[in-house]
Every structure is written in C-alpha cells, then in structure tokens.
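Engineer: Take this structure first; my questions come after.
Just so it is clear, none of the values below were taken in a lab; they were calculated from the coordinates. Since this is a predicted model, take the numbers as computed values, not measurements. We place every Cβ from the backbone using ideal geometry, glycine too, and count neighbours over all the protein chains shown.
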Amino acid sequence: MKIFLDANIIADWILIKNKAQEVTDETEDNVLTERYRYMGYSYKLIEKIRSLGLKAYTSQLSIAEVFSVIYDDVINLKLFMKAIPTAAWNWLSIREKELLDDEEAYEIYEGILERFDELFLNVEIVDEVLDLELLSHLILKLGLRTHDALLLTTAILNGMDYFVTRDERLIRKTRKLKKMPKIVILRPQSLLSKIG
C-alpha cells in the first residue's frame, strides 16, 4: 500500500501535534474536537501510519506547501483573536496587517522543522516527475490547479495507490479520473477506515 500525503494532511498533523504537546492526554481529544476538529482525521491518520510502522510518501512541493498552509493558519488565528469577521479574512488589506514578526516566523520555522524530523521517520520524499501529457490532462481537462496537478502527477508516476487530501475541490474534480492510472484520491478518514 503506497500512500501519498498532500500538504494539508501534513500541515494538519503538525498544527495538532504542536498544540497537543502543550496539553495533557486528557485534553488532547478536546483539542481535536474543538479548534482542530476538521483537521483531526489527518492527525489520526499520520499517527496510525507511525504506530503501525507503515511508510507514506510526499514530495518536495508538498513539503514546501506545508509552510504556506501553516502560515495561513497562524494568520487566520490572529484574525480570529482580533474578532475580525471570517468574511474579511481573504481581503489583502486585512491580511497584510497581520504579517509575522521575525520572532514569530523563526518560532514557526523551528516548530515545523522539529516535526519534520519526526515525520520523516515514516514519510519519504519522492522526486517530482513531470509528464506533460498527464499534467496537461489534469489541468486542461479536469481543471486542477497547477500545484495540485503536479502533486497528483508525481503520485501517479511514483506508483502510489492512494492520494490522501482534505482538498474537497481536488477530490470533486478527480472523480472524472476513470481513464487515468490506478490511484484512489480520498480523505484521511476514508484511508483510516481501510487501514483499521
């Protein structure tokens, strides 16, 4: 079973893992069900992979995207703490006021690197593989965003059985992958049920 992890799965695990480290075992479930409720399956999946000693895979692009996902989460949390309505969170004028200072950026960077050390015991980085025919099909026929098409192309050409993501747009658009090489694109909770 070859499992490819999208950046959002890894970022969720890091965010929850860092938060869970600050609380006791009794409150860890509360952390997952409150702020990180929608991320919980990602956390549980990676923990299951680790506990079973399974191997999963990702790519350099996914790893790079993790920084962006976590940055966005930190900015969103800052906006939330200032009681700025969620409808305004994507306004550039609002987001630009919430840039990270050097200390915050360094702390986040160090926290991510620390988790990568732990993650890479069970997650291997595969090389990106470029197949223009497949890539163009994913972008032009399915309407995938470029980075999603690159990640999926990499997963397919590296022989992955599963591509795990929380990206609902990607899941919805790839339902048309009937003629593509065998790969199952699924949510973390679906893979969790498969591996028990």
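Engineer: Cross-link list Lys55/Lys182; Lys17/Lys44; Lys19/Lys78; Lys19/Lys97; Lys17/Lys55; Lys19/Lys173: which exceed 22 angstrom alpha carbon to alpha carbon?
Structural biologist: Table pairs above 22 Å Cα-Cα are Lys19/Lys97; Lys19/Lys173.
Engineer: List the trypsin sites (Lys or Arg not before Pro) within the range 88-196 that DSSP assigns to loop and that have no more than 12 neighbouring Cβ atoms inside 10 Å. Don't skip to the end; give the middle numbers.
Structural biologist: Numbers: sites: Arg95, Lys97, Arg115, Lys141, Arg145, Arg166, Arg169, Arg172, Lys173, Arg175, Lys176, Lys178, Lys179, Lys182, Lys194; in loops: Arg145, Arg166, Lys182.
Those satisfying the criteria are Lys182.
Engineer: Taking neighbour counts of Cβ atoms within 10 Å as a proxy for exposure, in what order, fewest first, do Val129, Val69, Val123 appear?
Structural biologist: Details: Val129 15, Val69 19, Val123 24.
The order, fewest Cβ neighbours first, is Val129, Val69, Val123.
Engineer: Follow-up. By Kyte-Doolittle mean hydropathy of at least 0.0 and Cα axial length of at least 24 Å, which whole DSSP H helices of the chain are selected?
Structural biologist: Qualifying helices, which must be both long enough and hydrophobic enough, are 60-81.
Engineer: By a straight-distance test (C-alpha under 18 Å), which aspartates and glutamates pair with Lys48 as possible cross-link partners, with residues fewer than eight away in the same chain excluded?
Structural biologist: Asp6, Asp12, Asp25, Glu28, Asp29, Asp117, Glu118, Glu124, Asp161
Engineer: Please report, in whole Å, how far the alpha carbons of the range 41-196 spread along each principal axis, starting with the longest.
Structural biologist: Extents along the principal axes: 47, 38, 28 Å.
Engineer: Summing Lys, Arg as +1 and Asp, Glu as -1, what charge do residues with Cβ under 10 Å from the Cβ of Leu45 carry, Leu45 excluded?
Structural biologist: Its environment carries a net charge of +2.
Engineer: Here is a further query. Suppose the chain between Asn76 and Asp127 were pulled fully straight at 0.36 nm per residue; how much longer would it get relative to their current alpha carbon spacing?
Structural biologist: My answer for the length gained is 15.2 nm.
Engineer: Just to be sure I follow the definition: excluding the sites themselves, where is the longest run in the chain that has none of the GluC sites (Glu not before Pro) in a DSSP loop with at most 12 other Cβ atoms within 10 Å?
Structural biologist: Formally, the longest exposed-site-free interval is 35-196.
Engineer: For the range 77-162, which chymotrypsin sites (Phe, Trp or Tyr not before Pro) are in a loop by DSSP, counting at most 14 other Cβ atoms within 10 Å?
Structural biologist: Trp91, Phe120
Engineer: Report, by chain and number, residues whose modeled amide H sits under 5 Å from the one on Val184, excluding near sequence neighbours (fewer than 5 apart, same chain).
Structural biologist: Amide H neighbours of Val184: Tyr162, Phe163.
Engineer: Assigning unit charges at the beta carbon (Lys, Arg +1; Asp, Glu -1) and nothing else, what dipole magnitude in debye, to the nearest 20, does the chain show about its Cα centre? Intermediate values should be presented prior to the final figure.
Structural biologist: Numbers: 27 positive and 32 negative charges, 324 e Å.
Dipole of the chain, to the nearest 20 debye: 1560 debye.
Engineer: So, one more: Can you find, among Ile75, Leu100, Leu192, the residue sitting farthest towards the positive end of the charge dipole of the chain, where Lys and Arg contribute +1 and Asp and Glu -1 at Cβ?
Structural biologist: Positive-most Cα among the choices belongs to Leu192.
Engineer: I would also like to ask the following. Can you list residues from other chains, or at least 5 along the same chain, whose modelled amide H is less than 5 Å from the amide H of Ala56?
Structural biologist: Hits under the 5 Å cutoff: Val123, Glu124.
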